1. To the nearest 10 square angstrom, what accessible area does residue B:127 show with a 1.4 Å probe?
2. I want to check the label-to-label distance for residue B:391 and residue B:304. Put each point 7 Å from Cα in the C-beta direction and report it in nm to one decimal.
3. Keeping all protein chains in place and using 1.4 angstrom, which order do B:68, B:304, B:357 fall into by accessible surface area, from largest down?
4. Based solely on C-alpha atoms, express the radius of gyration and the Dmax of region B:89-215 in angstrom.
5. Convert 4 °C to kelvin, take the viscosity as 1.567 mPa s, use the Kirkwood radius over C-alpha pairs of region B:201-257 as Rh, and evaluate the Stokes-Einstein diffusion coefficient in µm²/s, rounded to a whole number.
6. Determine the per residue accessible area of region B:146-264 with all protein chains present and a 1.4 angstrom probe, expressed in square angstrom.
7. Which are the unpartnered cysteines of chain B, meaning those with no other cysteine Cβ under 4.7 Å from their Cβ?
8. Figure the gain on full extension for residue B:150 and residue B:384 (residue separation times 0.36 nm, minus the Cα-Cα span) and round it to one decimal in nm.
Amino acid sequence: MGTMFARGLKRKSAEDGEDVEGGLAGTQATPSYSLQRQSLLDMSLVKLQLCHMLVEPNLCRSVLIANTVRQIQEEMTQDGTWRVVAPQAAGRAPLDRLVSTEILCRSVREQEGERPAPDVGDGRMPGLVPGLSAVPSAQALRSPQSSLWEVDSSRENRGGFQKSLDQIFETLESKTPGSVEELFSDVDSSYYDLDAVLTGMVGSTQSGHGSGLQAFTSAATPPPGSSCRSDLGELDHAVEILVET
Amino acid sequence: MGSHSDIISTVEFNYSGDLLATGDKGGRVVIFQREQENKSRPHSRGEYNVYSTFQSHEPEFDYLKSLEIEEKINKIRWLPQQNAAHFLLSTNDKTIKLWKISERDKRAEGYNLKDEDGRLRDPFRITALRVPILKPMDLMVEASPRRIFANAHTYHINSISVNSDHETYLSADDLRINLWHLEITDRSFNIVDIKPVNMEELTEVITAAEFHPHQCNVFVYSSSKGTIRLCDMRSSALCDRHAKFFEEPEDPSSRSFFSEIISSISDVKFSHSGRYMMTRDYLSVKVWDLNMESRPVETHQVHEYLRSKLCSLYENDCIFDKFECCWSGSDSAIMTGSYNNFFRMFDRTTRRDVTLEASRENSKPRASLKPRKVCTGGKRKKDEISVDSLDFNKKILHTAWHPAENIIAVAATNNLYIFQDKVN
């Protein structure tokens, strides 16, 4: 596991029809590398979500993780693995991913001695620890598509992925009124329940729990006189419930 | 001691080395003073004892963003001493404060208008005047905030650096660097801004910045992509264009998905001479000649055995730990921390390096530190530690070296260790 990522060579672009992995010196067999790369991608996306849950996101860390995700995405695009997965493989792939991530988690768990096993039953969120499975990761990433974890991807999905990455950075600065609507367009009301669950304080927007939530709450409570307030309407109502005004 | 708020977050000697300041996660500053040489107590020479303790920063709440602002002290920098008082700058994520630390060892007695216990006297009863006299009292060290430099940083401050002109200083956050005059708190000049118009395009942040020790118009800043930019403030007000750009070309054979992360520079320090600068990235310390931008002149491996563990270190977030580094007074040696309470010292002249451990169990007072060794594979020798046994929660991120003597300060979580060369 460790050696693969430590010494893995940068993948060259695949020749047509050639088995890409075969051309690399010093790397292990194809399925293993793909699995590990996918695990790394999964792990990175989880970390980016976790950024939103912290009191104050560490911008340097977020940028480095996002860059890692982009690198993986680029490589997978070059490989052609960032494409629709064949139907027969689709069923198998999530389980494989579960296994490899579990192995990764296990080695760290032995160090830390406390991380719970991934939720094997949830095929949609491979590799997530149970605590996190309460967070609908796809929703938290604000992707209109169902899941970023699945390798099947249309252009739309890739766009959603990029959009999510972008939104992660947008949330780190105050929003302009115009973009508030865009942010909220993907979110259904269950998100606010999520806020309550995570902060343990229903009706409080002053939780300070991370920029992701903060972006929503701060966007939901724009400064007085802001023109976006008149556009929110129904949204205002939801926000009022949150802030108990 | 065992609470999180005691975790030391910065360590800094003053210009003479007589004072050593530490800042912690709870916003407190503790200053140690070196005992003067005393013939009747020869062993106490060189010992550092607590001189002053004060609360520098308190937790705050940013109502606009619904975010807590931590009180943790990120950096302390001393000002050169100009009179009897000492001045230092301390900063958390958002606000920099100038503190004055002064001694009081006399008090006035014999006031005319008030009693010894402070009660005002009836003026009509005063029939004679006297001159109050100063009497010695127990030494009191007082710290008072003289300036508060606030509201200039949107992002988290990672560095402050006092200029050699002794009048200005810089503060750097993830995306911007500001220049301040020590006397003026209500405005600062923005000298570097790398924030992209579209935050979606953000791929690089500022990780550290420092003024040149002698040239007051020159400063450097490092980035998360392993680059260092040297800027000259004379060329333009906004130093978005660097005068020099330092970057080591990547070794293609060791490239991995973690390459960029481990190249991110966590600290940059000029040598005392001003000829060199040192950068710390995750696995190594590099010394750069300011006249050569293409590559460092020296590279020292801190813990290369971690290269095969990068995936685990990414997962447990240790790969994002920011280690600092420091020069010895003569620039002949450099020091940086590692895990398991280990720290590393590199002698640049003899090319020897040593790994030492800062822990109570392994060092008795006045006993020499035993060099440690990490076993990287194969048969583990006696006294060696295997990589898998390292405690990654015991990290030495902050170290400092006395400006003139071989005395070092090492912060191990919430404990401060001070080591010195034995004097005959």
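The values are calculated or read from the model by the stated rules, or taken from the named source; none is laboratory data. Just so we're clear, the structure is a prediction, and the values are computed from it rather than from any experiment. We place every Cβ from the backbone using ideal geometry, glycine too, and count neighbours over all the protein chains shown. When the accessible area is computed, the model is the full protein with side chains, heavy atoms only, and any ligands, DNA or RNA have been set aside. Shrake-Rupley method; radii C 1.70, N 1.55, O 1.52, S 1.80 Å.
1. For residue B:127, the solvent-accessible surface is approximately 140 Å².
2. 2.8 nm
3. Numbers: B:68 95, B:304 70, B:357 20 Å².
Largest accessible area first, the list is B:68, B:304, B:357.
4. Both quantities, over Cα of region B:89-215: 23.8, 79 Å.
5. Details: Rh = 12.8 Å.
Value of D from the Cα-based Kirkwood radius: 101 µm²/s.
6. Working: 5030 Å² over 119 residues.
Here the residues of region B:146-264 average 42 Å² of exposed surface.
7. Lone cysteines by the Cβ rule: B:216, B:311, B:318, B:325, B:326, B:375.
8. Values: separation 234, 0.36 × 234 = 84.24 nm, distance 4.88 nm.
Here the answer is 79.4 nm.
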